[in-house]
Structure formats: structure tokens, C-alpha cells
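Shown next, in C-alpha cells, is the structure this report addresses.
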Amino acid sequence: MTDEELNRKFDFIVEQLGQTVVGLQMMKEVHEADYQKFDKRMSRLEGAFVGIYNTVTEQSKQIEGLRESVEHLREESAETRDRLDIFIVVLEKLISKDQNGKGSSKN
């Protein structure tokens, strides 16, 4: 192989390497741009996930508070019902006694 042929082959190899380097650089730039887009999307998704998590957590706390309030109202309602039952029994006895007393004074 002559020096001229060897130089042409080296020139060809250098040219190919140059094109490869340019191609790799372009791929790197595209990859970096894609990565930046991906990173922004992941940041938005992370923010959305944190927002959803916080909302669900807050709603769970509110639901627990409502459950406790309902339970408290049930207890108070049962107590009120029991006291009302006692009041009705006492009132019926008083009415019955009053009617029995009036009935006997009329005769």
C-alpha cells in the first residue's frame, strides 16, 4: 500500500470519526433536551402526587372528625331519648294521678 493510499484511508477514517463525533454530539443534545423535558414532567407529576396525597390525608382527617361527631350525636341522642322516656313515664303518672284524683272528687 502506498503512502497516498494510506493517507486516503486515514483521511476517510478521520472523516468518518468526525461524522460519528458530530452524530454523537447531536444525540447527546437531543438526549439532554429529552431529559430536561422528562425531568420537568417528573417534577410536575411529583407535585401532583404530593397534592393528591395531602388532599386525601386531609379528607381522611375530616372524615374521622365527622365520624367522631356522628358517634357523639348518637350517644347524646340515646341519652336524650332515655331522659325523654323517663319524663314521659313521670308525666303519665302525674296525669293518671290527677285524673284519678279529679274523678274521685266528682263522685
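The values are calculated or read from the model by the stated rules, or taken from the named source; none is laboratory data. Note that the structure is a prediction, hence the values are computed from the model and not measured. For neighbour counting, all protein chains shown are included, and Cβ atoms are generated from backbone atoms with ideal geometry for every residue, glycine included. The area values use the complete protein model at the heavy-atom level, side chains included, leaving out ligands, DNA and RNA. Shrake-Rupley method; radii C 1.70, N 1.55, O 1.52, S 1.80 Å.
Assorted remarks:
- Protein heavy-atom surface of the chain, 1.4 angstrom probe: 60% of the accessible area is carbon and sulfur, with nucleic acids and ligands not counted.
- Average accessible surface area per residue within the chain, 1.4 Å rolling probe, Å²: 95
- Each of Gln59, Ala33, His72 was scored by the projection of its Cα onto the charge dipole of region 33-77, and the greatest displacement toward the positive side belongs to Ala33; charges sit on the C-beta of Lys, Arg, Asp and Glu.
- Nearest-ten-degree value, helix 3-106 long axis tilted from longest Cα axis of the chain: 0
- Residues His31, His72, ordered by accessible area of protein heavy atoms at a 1.4 angstrom probe radius and largest first, appear as His31, His72.
- Rounded to the nearest 20 debye, the dipole magnitude of the chain is 1280 debye, with +1 charges on Lys and Arg beta carbons, -1 on Asp and Glu beta carbons, and the Cα centre as origin.
- Taking all protein chains as they are arranged and a probe of 1.4 Å, the heavy atoms of Asp39 leave approximately 80 Å² accessible to solvent.
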